[in-house]
Amino acid sequence: MQIFINTYGTYLHVKDDMFEIKVREDKKQPFKVNHIAAHKVTSFIVSKGAALTSDAIALALKHNIDIVLVENNGHPMGRFWHSKLGSTTKIRKEQLKASLNEVGVKWIKEWLSVKLENQSDFLQDLKKHRKNLQLSLDEKSEAILSFRQKIMETSAVDIKEIDESFRGWEGSAGRQYFDALSLCMPKSFSFSGRSFRPAKDEFNAMLNYAYGILYSRIERALMLAGLDPFVGFMHRDDYNSKSLVFDFIEPYRIYADRFVFRLFTGKKINKNYFTAFTGGVSLNEEGKAFFVAPYLEYLDSEKIRYKGRLQTRLNAVQLEAHRFANDLIK
């Protein structure tokens, strides 16, 4: 169970060796108190304005529960994590080597290939109930697959030889993809391409928040597999940048894309879920309360077929992280 704490003034501490969460949504009302056994929790996602005791942090570390602090847009700022990584250092040594040779190139090609294939498949799915858009969606889908083909046909012994080309092709494919999604959106929520910090529209605001949650889970999966989230292959090694998280997440962005798109086209989104400010739009507390529980259900509980077996989406991510780590040390 992943627990989100995003109500200002929430208090997390320990009572009788259990987590006690006190929430008061209205100052005129008494606290609501919940008790949760540690073995039922996988992680806490905590927004600004909450209070945590050192006892709560210690209990979380004892049970290998990570506590992630996030910004208002859902992007992780930092986390409390056990000091023992629980894996061989050989994995991280081989990961560093791979970032400088053809092994890194192989993995980047695989991750980007899957990402673009997922995007094309999604557009093909959207055609089924949009006859008036079939030609446009086909054109966008074919353009995305043409960029995928360019990536797959490119070879190098060092990612630095081709990373700019890959970023350019991936970006061009992304513009085709989001243009296509915009065509399929309700007119009241149409948008003009991707926007990040800040989001320029409601769709991007919710999608950014969904990606932020996914970033946190991807980082956790990588760390559990013994990998270093800061040593990536294609994304730049900027100061304090978790480059591998940005690389590894690419095939799984489709989870957020499909879920958020379904909410908008299913007419489940209310304009009241968003707050406009100078230059952008953000998901507000009402919007986060609406979004988080079903999104976590979709990621953590709903099953998909993975390698012939039914797995939750995040179990599949974890298995892929272990596959990647094991491949590095073969």
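The values are calculated or read from the model by the stated rules, or taken from the named source; none is laboratory data. Just so it is clear, the structure is predicted and the values come from calculations on it, not from any experiment. Here Cβ is always computed from backbone atoms with ideal geometry, including for glycine, and neighbour counts include all displayed protein chains. In case anyone asks, the SASA skips ligands and DNA or RNA and just uses the protein heavy atoms, side chains included. Shrake-Rupley method; radii C 1.70, N 1.55, O 1.52, S 1.80 Å.
The residues on offer are Glu286, Glu219, and the sole one that is part of a helix (DSSP H, G or I) and more than 20 Å from Arg313 (Cβ to Cβ) is Glu286. Can you confirm whether Pro229 is modelled with pLDDT of 95 or more and either outside any loop (DSSP other than H, G, I, E, B) or not acidic (Asp, Glu) (or both)? Here the answer is no, as Pro229 does not meet what is asked. Taking residues in the stretch 256-284 that are among the charged types (D, E, K, R), and partners anywhere that are at pLDDT below 95 and in a loop (DSSP other than H, G, I, E, B), the pairs with Cβ atoms closer than 8 Å and at least 6 places apart or on different chains are Lys267/Pro186. Per the conditions (1) in a helix (DSSP H, G or I); (2) surrounded by 13 or more Cβ atoms within 10 Å (Cβ to Cβ), the sole criterion not satisfied by Glu164 is (2). For the stretch 299-315, the set of residues classified as of a type outside the set (Lys, Arg) and surrounded by fewer than 19 Cβ atoms within 10 Å (Cβ to Cβ) consists of Asp300, Ser301, Glu302, Ile304, Tyr306, Gly308, Leu310, Gln311, Thr312, Asn315, listed by residue number. Scanning the stretch 135-147 for residues that are more than 27 Å from the chain's Cα centre (by Cα) and open to solvent by 70 Å² or more (accessible area, probe 1.4 Å) yields Leu135, Glu139. Taking the stretch 170-218 as the range and being in contact (Cβ under 8 Å) with a residue 24 or more places away in the chain and of a type in the set (Phe, Trp, Tyr) as the test, the residues that pass are Tyr177, Phe189, Phe203, Tyr209, Tyr211, Tyr215. Figure legend. Inter-residue proximity from the stretch 100-125: first residues under 11 Å from Glu170 (Cβ atoms), second residues among the polar types (S, T, N, Q) and assigned to a helix (DSSP H, G or I), beta-carbon distance below 9 Å, spacing 6+ or different chains. Indicated pairs: Gln119/Ser141; Gln119/Gln176.
Within the stretch 259-270, the set of residues being open to solvent by 60 Å² or more (accessible area, probe 1.4 Å) and at pLDDT 95 or above comprises just one member, Arg262. When only residues in the stretch 188-225 that are more than 9 Å from the chain's Cα centre (by Cα) and basic (Lys, Arg) count, which is surrounded by the most Cβ atoms within 10 Å (Cβ to Cβ)? Going through the qualifying residues, I end up with Arg220.
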